[in-house]
Amino acid sequence: MLQHALPDDLRTEITDNMFRKFVTNDQDAFADELYLNEEQLKIMIDEGMHVGGHGVHHEWLNHCDSSHQESIVKGCRSFLDGIGASRQYMTFCYPYGAYNDDTKEIIVRHGFDLAMTTKVGIADLTTHDSYVLPRIDTNDLPRSGDAEIASLTRKLM
Ligand SMILES: [Zn+2]
């Protein structure tokens, strides 16, 4: 219900109330502590990290109409351009892995070269659709230095 079923205004009101009650009254300070800011992203880009698109407000794109998706992807692209993200390879990762045919067409038109879903796997650019690539999330990898070699790592060895 809170992901996409209720109207946007109602979801925002409910989640804001829950956040204040169970987490903190100061959402801005919490977000500043938890998330990267633009200056930190620019530093990472300057140091050679790749930064790709992920929407604007972490929307379920498959639940947005085409014109809303268009404004989201346009805003995302503008943000990436504004922080100096690489234009050589533009990538996008669908929030929640959610997309539809409109999403793919829109991100292609806005210059993204490939896009990832939340499906766990090793991408093979010779067989996978470049706009529906599987990926390996950090949560799919071992969390300690002495862990067993992950099966995904074994596949690459
Ligand atoms: Zn996300």
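Count Lys and Arg as plus one, Asp and Glu as minus one, and take only other residues whose Cβ is under 10 Å from that of Q27; the net charge is then -3. The dipole here belongs to segment 1-67: it is taken about the Cα centre, uses +1 on the Cβ of Lys and Arg and -1 on the Cβ of Asp and Glu, and is about 300 debye. Residue ranges 29-38, 93-102, 139-148 sort as 93-102, 29-38, 139-148 when ordered by packing (mean number of other C-beta atoms within 10 Å per residue, highest first).
Here the relative contact order of the chain, from alpha carbon pairs under 8 Å that lie six or more residues apart, stands at 16 percent.
Helical content alone sets the calculated 222 nm signal of the chain at -12500 deg cm²/dmol, taking -39,500 (n - 2.57) per DSSP H segment of four or more residues and averaging over every residue. Sorting I45, I122 by the number of Cβ atoms found within 10 Å of their own Cβ, with the fewest placed first, yields I122, I45. Taking 24 Å as the straight-line reach from the Cα of K155, the lysines in range (excluding those fewer than 8 positions away in the same chain) are K119. Kindly identify segment 1-67 as rounded, prolate or oblate by the Cα gyration tensor criterion: order the square roots of the eigenvalues as a ≥ b ≥ c, call it rounded if a/c is under 1.5, otherwise compare a/b with b/c, prolate if a/b is larger, else oblate. It comes out oblate by the Cα gyration axes.
Sort K119, K155 so the one with the fewest other Cβ atoms within 10 Å of its own Cβ comes first.
Numbers: K119 12, K155 9.
Lowest count first: K155, K119.
With the convex hull drawn over the C-alpha atoms of the chain, the volume per residue is 167 Å³. Counting only residues at least eight positions apart within a chain, or on another chain, the lysines with an alpha carbon under 18 Å from that of K74 are K104. A cut-off of 5 Å between modelled amide H atoms, ignoring neighbours fewer than 5 places along the same chain, links A115 with F92, Y131, V132, L133.
We did not get these values from a lab; they are worked out from the coordinates using the rules stated. The structure presented is a predicted model; accordingly, all values stated were derived computationally and were not measured. Note that we place each Cβ from the backbone using ideal geometry, even for glycine, and neighbour counts take in every protein chain shown.
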